[in-house]
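This report refers to the structure that appears directly beneath it.
The values are calculated or read from the model by the stated rules, or taken from the named source; none is laboratory data. These figures come from a predicted structure and were not determined experimentally. When we count neighbours, we look across all protein chains shown, and the Cβ atoms used for this are built from the backbone with ideal geometry, even at glycine. For accessibility, only protein heavy atoms count, side chains too; no ligands or nucleic acids. Shrake-Rupley method; radii C 1.70, N 1.55, O 1.52, S 1.80 Å.
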Amino acid sequence: MISVTEALDLIKRETTALPKTSIPLEESNGYYLAEPIIAPMSLPPFRQSAMDGYAFRHGDVTELEVIGECKAGDAHEFELQANQAVRIFTGARVPDQADTVIIQEHVEVKGKMISIQKLPAKSANVRKIGEQVPAGEQVLAEGLKITESIIGFLAGFGITEVLVFNKPKITLIVTGNELQEPGRPLNPGAIYESNAIMLKSALISRGFDSVRILKVQDDLESTKRVISLGLESDVLLISGGISVGDYDFVNEALKANGAKEIFYKVNQKPGKPIWFGKKGETLIFALPGNPASSLTCFLIYALSALQIMSGNVNYDLDFSTGVLRHSTTNKFGKTLFILGTEQDGQLDIYPKQASSMLISYALGNALILIPEEKEVLEAGERLSYLPINRN
Ligand code: AMP
Ligand code: MG
């Protein structure tokens, strides 16, 4: 059986960024840039006043004649002569002959004249052309994640479209005869279905909003049919039916659809019976149905692939390090993913850890990784964990 690291390496090897596409800037939040951005113009594009005050020529006399007014957005040109000033406001274009702006608090106004009370340094309060960015300079590198501040920055250049990597279209198939929708008392032997809403929420909160959910009974023919529909997506996630029980049909249905297995089963707990494969360019993750296993395999494996496909090509799980507060053991010879809390770098483990239980996931803020080769862990041991539930 392969290790967690080997499984992650195989996923990285098999996953590439999706094709590039041009989208409106206003829809680009969370996408990854598929081209470097070269400043199409200088910012600022003209000499701007940084303050409300008066534009004048440094070195003139201290009594100046005010010949006009220039507010933000005005286009008129002033021919400023010696010993003249223009009333000016923040963001307005500074007349060509002026080199300095004095703030209004430092002058005394006497009719059409001002008297300088406190001379500023030459060039004070004048934003130079291109002082933020000169035209032609590369300002953003390809592969950067677009954020609200990047959107604001690009909008400042008048940019309306950006080239990004496509985001994956995802189908999530949920299998299980026992699964019931909420809204009615449970039938005997049934449980409420919880993986679809959980995984969909996990996807949406990370910006993967093209998610289609299909539900299927434990039946080979129906499972084959629904998988063939799911294979039209960029990523097919399947919940349940991938173990070795008589009513687990996912493996067989995947094979019947021509999907190629890349790995099946990872030496970990929970989430051992995870299946990863491909059909054409579609990536397929068959996740175990037990809720904690499903979520763990999603966070560790499926999410890594989704990130790389979206253009986050150097994506790596963002482990932090904490210090275990109490000793524990790992008797399984597997990598354990256990739930706990992290506070000020100290890790506490919850007592209830099982693939069927979500209670510790719901309460915890750390998914702690215990290496497969560690049998005894003393208090004070340093461990990797993934921060969870922190948005
Ligand atoms: P399976 O992987 O299909 O063998 O399912 C393993 C366990 O997880 C069983 O106890 C199932 O009832 C449970 N399970 C499977 N799918 C779901 C689901 N979507 N929501 C809640 N529990 C599930
Ligand atoms: Mg099942």
*Enumerate the amide H contacts of Ile2 below 5 Å, restricted to partners 5 or more residues apart or on another chain; note that Pro and chain-start residues carry no placed amide H.*
Asn267
*For Asn330, list long-range residues whose amide hydrogen, built 1.01 Å from N in the peptide plane, is under 5 Å from its own amide hydrogen.*
Val376, Leu377
_Order 95-104, 157-166, 268-277 from most to least packed using the mean count of other Cβ atoms within 10 Å._
268-277, 95-104, 157-166
*Gap in Å between the Cα centre of the stretch 179-205 and the Cα centre of the stretch 121-163?*
46
*Can you give the three extents of the C-alpha atoms in the stretch 28-96 along their principal axes, from longest to shortest, in whole Å?*
55, 19, 18
*What residues from the stretch 331-360 fall in the zone where the backbone N is under 16 Å from a label point 7 Å along the Cα-to-C-beta line of Val376?*
331-333
_Once the cut-off is 30 Å, how many percent of the Cα-Cα pairs in the chain end up in the long-distance tail?_
57
*When the Cα centres of the stretch 1-52 and the stretch 84-102 are compared, how far apart do they sit, in Å?*
38
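Using a 1.4 angstrom probe, figure out how much accessible area the stretch 63-185 has per residue, in square angstrom, rounded to the nearest whole.
Details: 6580 Å² over 123 residues.
Per-residue value: 53 Å².
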*Using a ≥ b ≥ c from the Cα gyration tensor of the stretch 163-300 (square roots of the eigenvalues), is it rounded, prolate or oblate, where a/c under 1.5 gives rounded and otherwise the larger of a/b and b/c decides, a/b for prolate?*
rounded
*Whole-Å distance, taken between Cα centres, linking the stretch 339-391 and the stretch 224-253*: 30
*At a Cα cut-off below 16 Å, give the lysines reachable from Lys169, other chains included and same-chain residues fewer than 8 away excluded.*
Lys20, Lys200, Lys278, Lys279
_Over the chain, what is the relative contact order in percent, taking alpha-carbon pairs closer than 8 angstrom and at least six residues apart?_
16
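Which GluC sites (Glu not before Pro) in the stretch 225-297 sit in a loop by DSSP (not H, G, I, E or B) and have at most 16 other Cβ atoms within 10 Å of their own Cβ?
Those that pass, being in a loop and sparsely packed, are Glu232, Glu281.
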*Give the long-range amide H neighbours of Ile38: residues separated by 5 or more places, or on another chain, with amide H under 5 Å away, using H modelled in the peptide plane at 1.01 Å from N.*
Val139
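Calculate what fraction, in whole %, of the accessible area of the chain sits on carbon and sulfur atoms when a 1.4 Å probe is rolled over the protein chains. If you can, show how the numbers build up before the last one.
Numbers: 9570 of 19100 Å².
Carbon-and-sulfur percentage of accessible area, whole number: 50.
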*Please give the per residue accessible area of the stretch 243-326, computed with a probe of 1.4 Å over protein heavy atoms only, in Å².*
38
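As a test of the formula, what do you get for the chain when each DSSP H run with n ≥ 4 contributes -39,500 (n - 2.57) and the sum is divided by the residue count, at 222 nm and rounded to the nearest 500 deg cm²/dmol?
Helix contribution divided over all residues of the chain: -4500 deg cm²/dmol.
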_Vicinal HN-Hα couplings computed from phi for the stretch 22-28 (Karplus, 6.51 cos²θ - 1.76 cosθ + 1.60; Hz; Gly/Pro x)_ = 8, 10, x, 3, 5, 9, 9
_Expected output is a single nm value to one decimal: the length gained when fully extending between Asp209 and Leu229, i.e. 0.36 nm times separation in residues minus the C-alpha distance. What is it?_
5.4 nm
*Between Asn314 and Phe46, with labels modelled 7 Å along Cα→Cβ, what's the label distance in nm to one decimal, could you check?*
4.1
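What do you get for trypsin sites (Lys or Arg not before Pro) in the stretch 80-175 restricted to DSSP loop and a cutoff of at most 14 other Cβ within 10 Å of the site's Cβ? If you can, show how the numbers build up before the last one.
Details: sites: Arg87, Arg93, Lys110, Lys112, Lys118, Lys122, Arg127, Lys128, Lys145, Lys169; in loops: Lys112, Lys118, Lys122, Lys128, Lys169.
Qualifying residues, ordered by number: Lys112, Lys118, Lys122, Lys128.
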